[in-house]
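Novice: Have a look at the structure that comes next, please.
Laboratory data are not the source of any read-out in this text; all were calculated from the coordinates shown. Here the structure is a predicted model, which is why all the values come from computation and not from measurement. Every residue, glycine among them, receives a Cβ derived from its backbone with ideal geometry; neighbour counts consider all protein chains shown.
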């Protein structure tokens with residue numbers, strides 16, 4: 001009987017040890033204490049996606065997500081410090097300890113969630129394609145679905161998987177970020193770009209009549225705060241902040257300020 005029970009319990013004991021080790025690992029960092037002791041909250045941003053975030057001529061950032069970062073820092077009683085990254089750096093900055101949070105039009109997905117953590121979403125968006133307004137030869141995504149057409153986007157963005165799914169025959173061009181992508185579009189090196197509908201609306205508003213959005217929306221993406229993996233209390237605290245931000249009307253007011261529109265509910269059917 002003892003031998004039978006030992007064989008039965010061994011896997012359970014091993015699993016318990018593993019979970020114990022995982023729990024111990026999750027407590028290795030206390031990011032809240034680090035932030036409070038330092039007196040600063042290091043926030044990874046992109047800074048080239050109006051109205052999410054842009055860098056002004058004086059070097060200071062501004063935008064919807066910049067105001068969010070300031071609000072979180074104020075709630076914690078610390079000062080925000082901006083860490084500018086490209087699309088791929090949104091993950092790397094958290095993994096390497098260069099940032100405490102990422103607020104950068106950041107989609108929570110399965111692949112990223114294996115190496116970092118995400119809060120609940122503060123916005124839900126969908127991918128669209130856009131091109132120059134005078135491109136009469138491009139009226140739909142079907143027109144892009146050929147190897148002679150080039151679609152560009154930021155390296156490491158969700159467009160890496162979404163664009164091939166929507167237009168599998170198109171030729172893909174990857175860039176360091178949205179600024180480089182837009183330069184390529186304006187210079188004719190690519191035929192179109194793909195971005196979420198909210199970010200695209202900011203581009204269109206900044207240059208009226210210059211671009212057009214093609215029909216259709218090709219994803220549902222939950223835009224969330226990115227956090228280093230392994231500190232449950234840090235995640236819990238920031239998740240509560242996001243919940244309050246969504247339900248209190250603060251997000252609605254901030255969205256209206258920067259996007260000049262009513263914020264779509266994160267809970268509505270998509």
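Novice: In percent, what relative contact order does the range 127-213 have, based on Cα pairs under 8 Å that are 6 or more apart in sequence?
Specialist: Across the range 127-213, relative contact order equals 44 percent.
Novice: To continue, here is another question. Rank the residues 117, 224, 248 as a footprinting-exposure proxy: fewest other Cβ atoms within 10 Å of their Cβ go first.
Specialist: 248, 117, 224
Novice: Give the calculated FRET efficiency between residue 169 and residue 220 to the nearest 0.05, with a Förster radius of 22 Å applied to their Cβ-Cβ distance.
Specialist: For R0 = 22 Å, the calculated efficiency reads 0.40.
Novice: Any idea how far apart residue 79 and residue 232 come out in nm if each label point goes 7 Å out from Cα toward Cβ?
Specialist: It is 3.5 nm.
Novice: Right, something else. Using the count of nearby Cβ atoms within 10 Å as a rough guide to exposure, how do 259, 110, 130 rank from fewest to most?
Specialist: Ordered from fewest to most neighbouring Cβ atoms within 10 Å, 259, 110, 130 come out as 110, 259, 130.
Novice: When the helices in the chain are scored as -39500 (n - 2.57) per DSSP H run of 4 or longer and the sum is shared across all residues, what 222 nm value do you end up with, to the nearest 500 deg cm²/dmol?
Specialist: After summing the helix terms and dividing by residue count, I get -12500 deg cm²/dmol.
Novice: How big is the equivalent ellipsoid of the range 127-213 along its three axes, where each semi-axis is √(5λ) from the Cα gyration tensor, reported in whole Å from largest to smallest?
Specialist: Calculated on Cα positions only, the semi-axes equal 17, 15, 12 Å.
Novice: Which of 256, 44, 184 ends up with the largest GNM mean-square fluctuation for the chain, with Cα atoms connected below 10 Å?
Specialist: Of 256, 44, 184, the Gaussian network model singles out 256 as fluctuating most.
Novice: Just the Cα atoms of the chain, one point each, no solvent: what log10 I(q)/I(0) does Debye give at q = 0.11, 0.12, 0.14 Å⁻¹?
Specialist: Rounded to two decimals, the profile gives -0.66, -0.77, -0.98.
Novice: For the chain, take the longest principal axis of its alpha carbons; what is the angle in degrees between that and the long axis of helix 250-259, to the nearest 10 within 0 to 90?
Specialist: Between the helix axis and the principal axis of the chain, the angle is about 30 degrees.
Novice: Test of understanding: in a Gaussian network model of the chain with alpha carbons linked when under 10 Å, which of 74, 62, 221 would top the mean-square fluctuation ranking?
Specialist: Fluctuation is largest for 74.
Novice: Could you state the angle between the C-alpha long axis of helix 197-206 and the longest principal axis of the C-alpha atoms of the chain, as a value from 0 to 90 degrees rounded to the nearest 10?
Specialist: Once rounded, one gets 40 degrees.
Novice: What share of the DSSP beta bridges in the range 18-155 is antiparallel, in percent to the nearest 5?
Specialist: Expressed as a percentage, antiparallel bridges in the range 18-155 total about 35.
Novice: With the crude spin-label approximation of a point 7 Å out along Cα→Cβ, what separation in nm comes out for residue 148 versus residue 161?
Specialist: 3.2 nm
Novice: Between the range 39-59 and the range 128-184, what is the separation of their alpha carbon centroids in Å?
Specialist: Answer, in whole Å: 25.
Novice: Nearest 5 percent is fine: what portion of the DSSP beta bridges confined to the chain is antiparallel?
Specialist: Approximately 55 percent, going by the DSSP bridge assignments.
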